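Everything on this sheet refers to the single structure shown next.
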Amino acid sequence: MTLLQKLQHCRNNKNCRLTIIGVLILIVIALLVFWWKAKIVLWVILILLISAFGIEYFEYDIDLGKLWETGSVSESRVEYKNGMKVFGEVCASNNLNCDDFASQPEAQEKYSYCADKIATDNDTTREMVRSIDVYGLDRDKDGIVCEALPGV
Ligand SMILES: [Ca+2]
Ligand SMILES: [Ca+2]
């Protein structure tokens, strides 16, 4: 295994990344103790590293391209579902169910907002996004959600 392959492997392995971030945190703490002059810089680095550790720990990644584009950490958080990137918390969560809506069009609107967003972000079609089943509202994955709710 070359060094590059090892690094590549580490990039894809969460525990490996956590270990590296953890070691860096310890190094910065040691520097903070022994190297007073660089105090502010080191505090900033320490805070950044602790944030990185938290992000790794809480199961989601940050897309750096999106972060650059939007400047928002919550918009840039990314989860991979069926090989597609789902940005932000709003569309990645599963916290809505059909009984949260009074009518089918209302549920459809909520679903469509995310389906369109995911399709655009992944440069793919609405049909492909059906497989993700946003919010779990479309179990049969035909693109029509909550068929049991009243029509209008
Ligand atoms: Ca749900
Ligand atoms: Ca359906």
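Please identify the pairs in which a residue from segment 1-16 that is in the same structural domain as PHE53 (by TED's automatic domain parsing) and part of a helix (DSSP H, G or I) has its Cβ atom under 9 Å from the Cβ atom of a residue that is surrounded by fewer than 10 Cβ atoms within 10 Å (Cβ to Cβ) and basic (Lys, Arg), counting only partners at least 6 apart or on another chain.
none
Within segment 133-151, track down each residue that is among the aliphatic types (A, V, I, L, M) and either touching a strand residue (DSSP E or B) at 6+ places or on another chain (Cβ under 9 Å) or within 7 Å of ligand 2 (Cβ to nearest atom) (or both).
Within segment 133-151, VAL134, ILE144, VAL145 meet the criteria.
GLY54 - would you say it is more than 14 Å from ligand 1 (Cβ to nearest atom) and either part of a loop (DSSP other than H, G, I, E, B) or in contact (Cβ under 8 Å) with a residue 60 or more places away in the chain (or both)?
It is false that GLY54 is more than 14 Å from ligand 1 (Cβ to nearest atom) and either part of a loop (DSSP other than H, G, I, E, B) or in contact (Cβ under 8 Å) with a residue 60 or more places away in the chain (or both).
What are the residues in segment 60-79 that are modelled with pLDDT of 85 or more and in a strand (DSSP E or B), if any?
If the condition is that a residue be modelled with pLDDT of 85 or more and in a strand (DSSP E or B), then ARG77, VAL78, GLU79 are the ones that fit.
Could you please tell me which pairs satisfy a Cβ distance under 6 Å, a separation of 6+ or placement on different chains, a first residue in segment 131-152 that is more than 15 Å from ligand 1 (Cβ to nearest atom), and a second residue that is part of a loop (DSSP other than H, G, I, E, B) and small (Gly, Ala, Ser)?
Pairs found: PRO150/SER103.
The values are calculated or read from the model by the stated rules, or taken from the named source; none is laboratory data. In this text, all values refer to a predicted model and were calculated from it rather than measured experimentally. Using ideal geometry, Cβ is built from the backbone for each residue, glycine included, and neighbour counts are taken over all protein chains shown.
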